[in-house]
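Since every read-out is calculated from the coordinates, none of them should be taken as a lab result. Not measured: the values here are computed from a predicted model. All Cβ positions, glycine included, derive from the backbone under ideal geometry; neighbour counts span all protein chains shown.
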2 protein chains.
Amino acid sequence: MIYTAEDIKSIVSEIIENRKSEGGIDSLYFVGCGGSLGALYPAKVFMDRESSVLRTGWINSNEFVHSVPKKFGKNSILCVACHQGNTPETVAAAKLGHEMGAAVIILTWKDESPIIEFGDYIIKYSFDPSVDHLGNKIDHGSDKVICALLIAAELLAMTEGYDHLPELYYGRKKLTGIIEDAREKLMGRAQAFAEEHAADSFIYTMGSGASWSSAYMESICIFMEMQWLDSAAIHSGEFFHGPFEVTDENTAFMLQVSEGSTRELDERALTFLNKYARRVEVIDAREFGLGAIDASVVDYFNHTFFNSVYSCYNSRLADVRKHPLSTRRYMWKVEY
Amino acid sequence: MIYTAEDIKSIVSEIIENRKSEGGIDSLYFVGCGGSLGALYPAKVFMDRESSVLRTGWINSNEFVHSVPKKFGKNSILCVACHQGNTPETVAAAKLGHEMGAAVIILTWKDESPIIEFGDYIIKYSFDPSVDHLGNKIDHGSDKVICALLIAAELLAMTEGYDHLPELYYGRKKLTGIIEDAREKLMGRAQAFAEEHAADSFIYTMGSGASWSSAYMESICIFMEMQWLDSAAIHSGEFFHGPFEVTDENTAFMLQVSEGSTRELDERALTFLNKYARRVEVIDAREFGLGAIDASVVDYFNHTFFNSVYSCYNSRLADVRKHPLSTRRYMWKVEY
């Protein structure tokens, strides 16, 4: 059976019920590769910050199967993300989780794929059509990032307790409207960005907190994978402890200024860049109204906001550089 | 009072004893900035993998003070690393930890500094003289990385139990000899590397597991900070999920092939690079005998091995590029 984001509350409840006689659920591990791993990061940060009892982990699939945490087993939930359901390392991770008796939740975008057989629950998520060109209806509140977040929050609420579920669901409802507005407003800036950076060979992305991962995904999945540009994702708080020494008037930066608890880290980076850099693209979540989401939970919505507005930039950049986002030289083409 | 690595067992024991009446110690947080944060990563991975009960976190200092984990408090140990003891964000983190009643352990290299007053225990670590040019006697088994690892392992052994302390202390004893031999053997390769990359503007580092962090530190502290080269640290397992698309015959890589559980991830990256790249510097921990350390703990020694042999490369690169490692344009020079 294929579930959706709407089923997460009952899925988590069922897992807890089923594990009662075996000591309950005491840990939640997030495992994936590349963009699918990045998408699970906000939920991991949520667990790190909000949970007092449950253990968590956020691990690349291949690293996970080679060095399974001692704690992992029948009292664990393994949440894996796998877009097409056929990434060999993530299939192996789901298989291992299944064999070790964990409750395996698979976030995927396809109804059928090799990974399906190893999942206790298959959740089909919403996916941004401006990236996949298939024209699906957008519901950013049901993308894989938010699915993972809901799994974490529901698990927390049902075990040790969590006070901000209403704010979280309200934020989820607001998200799509905020993103759609922002995309419209950003079209002009995205075109200018694409023209400015058409001949570049290198660009840094930067972010902090639970949305560092959208900077990571933009860097590795878009700039490196889909545009063959050299790139690195810098944490805004780490910037001042090494990375900032590369800054000069030619260095290109794409900076996320987030809404929420780590905003000051991003603002500090912006102040520095405004002084010493010349080629900085700033996306400020506050400018586009993400602050309408309650302060208790807004941190965890920045990732989807940034990740979703990036697609304006990505399509413009691909067009101007005449390098379609679908172009690959190794992925799915050679053995590796 | 200033302690050393030799005092860690008694420090951890004293903390546990002192917290007994308040519910004991249930968490160990690692906090720092840049290279000091990177150095705490192996201990964090150790906790993630080996512990079943204690919570852990590995957080940039400024992010930590802006979004303190809910769990953090009087039942926590806060382990911060701060080389000169004056990094403002890390001083703020130690101060916050002190105010919130955590047991604060400070790993530092100086006897006196602003951070000292916020520490319950000040541990002075060994520091590699080939980096700081002060000619101190080298003891790699007492650097900040190993100090943090010993804190984690002793805490684990004294609370939930840990079976491999003897192997860990044996590994610690072997480390300096292995590194000294490797450095001698690598001198020629380091010189060739420096000449090969003298005119480059970009270089990737790559690693996996508990030693991903030495690739991170080489990237942000040496290439970016001390050589003003653009750079990124790639996780060997993540490489195949985006980053590898940038590979061509000109792309420069510095690849760590680790000893231990995630070695296969690094070897897979090497196989790919041998086929599609031309400019790859490989440092293989096995070639230099790190395998003499027991398989149960060897993962946690790769970081110090790589980090310490990098200094051969760093000094050669700085000489050939005529860009001394001490050159800065922003750090300690402008306000930020």
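A compact table of results
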read-out	value
Top-ranked residue in the range A:278-306 [being among the aliphatic types (A, V, I, L, M) and buried (at least 21 other Cβ atoms within 10 Å of the Cβ); ranked as nearest to A:HIS197 (Cα to Cα)]	A:ILE283
Verdict on A:LYS110 being in a loop (DSSP other than H, G, I, E, B) and touching a residue at least 40 places away in the same chain (Cβ under 8 Å)	no
Within the range A:36-49, considering residues that are surrounded by fewer than 24 Cβ atoms within 10 Å (Cβ to Cβ) and within 9 Å of chain B (Cβ to nearest Cβ), the one nearest to A:THR108 (Cα to Cα)	A:ASP48
Selected residue (criterion: surrounded by the most Cβ atoms within 10 Å (Cβ to Cβ)) from residues of the range A:320-336 that are among the aliphatic types (A, V, I, L, M) and part of a loop (DSSP other than H, G, I, E, B)	A:LEU325
Sole residue being surrounded by fewer than 23 Cβ atoms within 10 Å (Cβ to Cβ) and touching a helix residue (DSSP H, G or I) at 6+ places or on another chain (Cβ under 6 Å), chosen from A:ILE16, A:ILE8, A:ILE2	A:ILE16
Qualifying residue in the range B:63-77 (condition: in a strand (DSSP E or B), more than 10 Å from chain A (Cβ to nearest Cβ) and touching a residue at least 12 places away in the same chain (Cβ under 8 Å))	yes
Matching option when the condition is of a type in the set (A, V, I, L, M) and surrounded by fewer than 22 Cβ atoms within 10 Å (Cβ to Cβ), among A:ALA81, A:ALA92	A:ALA92
All positions within the range A:164-185 that are buried (at least 20 other Cβ atoms within 10 Å of the Cβ) and among the aliphatic types (A, V, I, L, M)	A:LEU168, A:LEU175, A:ILE178, A:ILE179, A:ALA182
Verdict on B:LYS124 being touching a strand residue (DSSP E or B) at 6+ places or on another chain (Cβ under 6 Å) and surrounded by fewer than 24 Cβ atoms within 10 Å (Cβ to Cβ)	yes
Residue ranges of strands (runs of 3 or more DSSP E) in the range A:197-261 with at least 2 members within 7 Å of chain B (Cβ to nearest Cβ)	A:230-235
Residues of the range B:255-278 that turn out to be in contact with a helix residue (DSSP H, G or I) (Cβ under 7 Å, 6 or more places away or on another chain) and either touching a residue at least 60 places away in the same chain (Cβ under 8 Å) or acidic (Asp, Glu) (or both), as a count	3
Residues satisfying the stated conditions in the range B:262-304, i.e. within 13 Å of chain A (Cβ to nearest Cβ), farther than 26 Å from A:PHE202 by Cα and of a type in the set (Phe, Trp, Tyr)	B:TYR300
